[in-house]
Every structure is written in C-alpha cells, then in structure tokens.
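Enquirer: One structure, pasted below without further comment.
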Amino acid sequence: MSQIYYNAFQWSTSSIIVVASLLDEMNLLNSKIGRLAIAASLIETTVFTAINTVASLGIIIRIVHNYYISVIVLSTHIAYILSVLYIARPITQWMVRKTPQGAQLSDKNFGFLIFMVLLFSFASTLIGINISFSLFFLGLMLPSGPPVGSTLVDRLEGIVTNLYFPIYVALIKMKFDFTMMMDYIKELKLVIFLDSITIIGKIIGIMSAAFFSARLSPRSIFTLTFIINTRGITELIIVDKNNDWASVDLMFPTLLMVVVTAMAIIAAPLVKILYDPSKRYKGHTRRTMMQHYFNDNIELRVVSCIHRQENVPPTVNILESLCIDNENPFCIYLLHLRELVGRITSVILPYKKIKTSPYATPATDIVVNAFTTFQDRKNGNNYKGIVDNNIHIPGADCVTVQPYVNVAPYTSMYDDICDLAISKKASMILVSFHRTIGFSGAVEEVSEDIRQVNLSVLKHFPCTVAILIDHGHNIDIDTALENTIHGIIRYRL
C-alpha cells in the first residue's frame, strides 16, 4: 500500500521531457498554452528533483550513522555541482566559441562532449547522487541551442527515438503479465482514484493561478491540465524501478503500467479536441490594404518576415515602392524567423530583449542593422514629430522599424506571425517566396519548411498577405536601397 502512495507522490509532478514531447508532437510549443505548460513543468521538475535528491542524501546520511562519512557524502555532492559549473560548462562554452556561426560541433568536440556526459553520469552514480538529478542538472547547465543542441539533435535524435526508445518500452512491457489485471479490479480502482486526485489537484491549482494572473478560459484550463498530466517515458522508468523492487508481487507495477499507458493514449486526442490555437483568427475582423487607403493619416503597419539575410534586399526594395513620405507614414514590424533547434522553449521577443539573451545571433544583428539603415535613410530629410493614437502628425518620422525575433518550429511558426499581426493591428504580412530564383530564371534552392509556413499563413491570414518573389537576391543592402524593384508581389485580400 505504501508503494502506491509513493507513486502518487511521484505522479503529482509533471515531467518536462514528457510535456515537451507532447507539445512538439501536436505543434503547440509556441502557443500560449504550450509556453505556460513548459514553464510550469520546468518549475515542477526542478523542485521535485531537488527534493528527491535532498531526501536521498538524507537517507544515506541516516543509514551510515557516522559523522565523518556524512561529511564526505555531503562534500562529494557539493563537489559534483561545482564541477559541472566550473569545469563542464566552461569547456562546452569554449566549444561553442570555437565553432563557426551556423555550423555544428566538430567530430572531435562532439565525441569529447559525449565522453564528458558519460563521465559525469558515472561519477554521480559512484558517489551516490540521484541519477535523475545529475543528468537534469548537467543538461540544465550546459548551453542550449546551436551548436551544442542542434548537433545532439541531428546525430542522436533519430537513433534514440526510432531505435532505443521502442526497444526500451518493449523490454519494460515484456516484464509484466497483463492477464492478471482482472484479478485485481479493486486495486486498479484505487490506483485510478489516486491518479484522479492528482489531476483534480492540478485543476484547482491551475484555476487559482489563472484567476489571479493568466486569465485563462475554462477550456484552456482543462487543456493545460491534461497537458501537464500526460504520461510518458519518465513514468515508464518509475514503473520499471517498481518492477525491480517488487521481486515477488508484480501486481502494483502491472496496474501502474496500465494507467500510464491509458493516460498516454488519451492525452493527445483530448488536447486536440479542447484546444485549437487557430480558432481565435476566425472571430477576428481581417484588416486589408484597401481599408488602410480609405483612412487618411493612419500609418500603414506591415509585418515583414525575414528567414535569411538574402531576403533583406528584395524586401527593402518592395517597401521602397510603397510611396512612403510624411503624408503616408509607415510602421514595419520586422520579424526575424529562426527555427527552434536544440531547445524546447520558443520565444517571440523584441530585439532589445533578445540581444542580451542566449537567443542572440550575429545573423539577427545584420538583419536588424539593414532595416535600421533603411529607416535612417527614409527619415533623413524629415524633422522629428510625434504620433498620437496611430494618427500621423506632420513632422513625425515617416518610417518606424520595430524589430522582433521569433524562434519556433517551422510547423507552428505561422501562429506567432499571425498573432503579431493581430496584436499590432497590421494591414499586411510580407513573406518571402520559398524558392530562390537566379537571374537566369532557374530555381537555385527550394525550402519546403518556408513553403509550409507561407501556406499556413495564407490559411489563417488575419490581414492582407503578400508573397515576394525576387530575381535579384544577391544584391547587397546598399545597392538595394538605390535600385528599383526586381520581383513580383501577390496579394491575398
């Protein structure tokens, strides 16, 4: 009986690994619910891992009944933490600095990184540190994102996800005899009851937090609850440990396996039914370019999406053609789009906040500087004025550039684009064509990821959408500011 209550305590905590996997599978990593779920599960995992580690350390100290051994055990735990902070992390940061921008870790550095992880894992097991804490702390302290995260994903995700994980799950389930389940209906009801208590507790907690801060709807509250209560690899490991402990009676591990499997099966369909981030676009009044031109002195707001540096010159060219002057003020919400690789937290933030964060890259600086040059050039002959309630007052700058950075999966990147257009009341979204076309007219490069982003934006468009097809992609920014347009633009009104 005590084993059931111990598992109920463990299951009351969400695993960030399981939550992130579910959100990634359902393309919800960059949704509002997804970001809340990631933040909540990260806090839960951190607190639970710390409590579990302290409890394990306390048990070891209580068992040995020796003051000097207790001091040694405590010292080794502190030494492990300091080693990660002042040895493993600086070495990995040195690897990042030595890796060229946009490239992956070299084979030598990648091999050394894997060796270092195995070495620290072995050391933690040797000195009695909880293995879940050691790996979690090591992963938390090492630099995320490219090039470390992207290299690990590129080289390990396929073999781990498609080979090791299915084999591990199959080996776990082969240990259990599911034919005995019908003989323990009473115990199964108790396990389900305890798991239901954890779900109800989280519903109450989320409702309380939502009432005071997040302002979530009841539907979103239940969605967030099911996301946080989903089960996966972490719970399978717990069940496997219980099976190792239960050398005679396999009843409880078998019942736990049934509940874990059931929760993993029903979580994704329920979340899909309850939450659809694109629904908010259906009730939104779509803004168009035509509506803007019928309102004098209202600044034109455009969300300009940039994937690569090559997109900057043609985009500047097309913006140059919009007859920008003091009578036709213009606001550009520059959105530099980057794929989420090696991380689980997607962001969309103003450029000023990104500059001091781990998401900062030289490529973003180049893109923003190019548009800043365009802004300064257009405002060079205008004296300063003010803009009040979107009504342009003569003398104000005719061009304003507000740069943002969006790091998200390509499959759901459209959600951040459309959400920014809605929140800023933009009249047009400008995106680049997924094919790079040379001067000869031949297709030089095709990006299916960008194509899917464009199709999703067209499907959920909150305003006019323009797709820019350019034949002068290799013109530099200074030349682009002086030349005429070399492209075609297609409007979706």
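The values are calculated or read from the model by the stated rules, or taken from the named source; none is laboratory data. Just so you know, these numbers come straight off a predicted model, no measurement behind them. Cβ: placed from backbone, ideal geometry, glycine included. Neighbour counts: every protein chain shown.
Enquirer: Do we find that Phe133 is surrounded by 13 or more Cβ atoms within 10 Å (Cβ to Cβ), touching a Leu at 6+ places or on another chain (Cβ under 9 Å), among the hydrophobic types (A, V, I, L, M, F, W, C) and closer than 23 Å to Ile61 by Cβ in this structure?
Expert: no
Enquirer: Restricting the range 153-198 to residues that are in contact with a Leu (Cβ under 8 Å, 6 or more places away or on another chain) and aliphatic (A, V, I, L, M), which is modelled with the highest pLDDT?
Expert: Result: Val169.
Enquirer: Please find, within the range 69-123, the residue that is surrounded by the fewest Cβ atoms within 10 Å (Cβ to Cβ) out of those that are more than 22 Å from Phe136 (Cβ to Cβ) and among the basic types (Lys, Arg).
Expert: Per the criteria, the residue is Arg97.
Enquirer: What number of residues within the range 132-166 are closer than 17 Å to Gly111 by Cβ and of a type in the set (Asp, Glu)?
Expert: 1
Enquirer: With the condition kept exactly as written, say whether any residue in the range 168-176 is touching a helix residue (DSSP H, G or I) at 6+ places or on another chain (Cβ under 6 Å), among the aliphatic types (A, V, I, L, M), in a helix (DSSP H, G or I) and more than 18 Å from Ala79 (Cβ to Cβ).
Expert: Yes - at least one qualifying residue is present in the range 168-176.
Enquirer: Mind listing just one residue for me: the one in the range 322-369 that is closer than 26 Å to Glu25 by Cβ and of a type in the set (D, E, K, R) and, of those, modelled with the lowest pLDDT?
Expert: Per the criteria, the residue is Arg343.
Enquirer: Here's another thing I want to ask about it. Does any residue in the range 342-365 that is touching a residue at least 60 places away in the same chain (Cβ under 8 Å) come within less than 9 Å, Cβ to Cβ, of a residue that is loosely packed, with under 14 Cβ neighbours inside 10 Å and assigned to a loop (DSSP other than H, G, I, E, B) six or more places away or on a different chain, and which pairs are these?
Expert: Pairs that qualify, where the first residue is touching a residue at least 60 places away in the same chain (Cβ under 8 Å) and the partner is loosely packed, with under 14 Cβ neighbours inside 10 Å and assigned to a loop (DSSP other than H, G, I, E, B), are Arg343/Pro358; Val347/Ser357; Thr361/Gln101; Thr361/Gly102; Pro362/Gln101; Ala363/Gln101; Ala363/Gly102.
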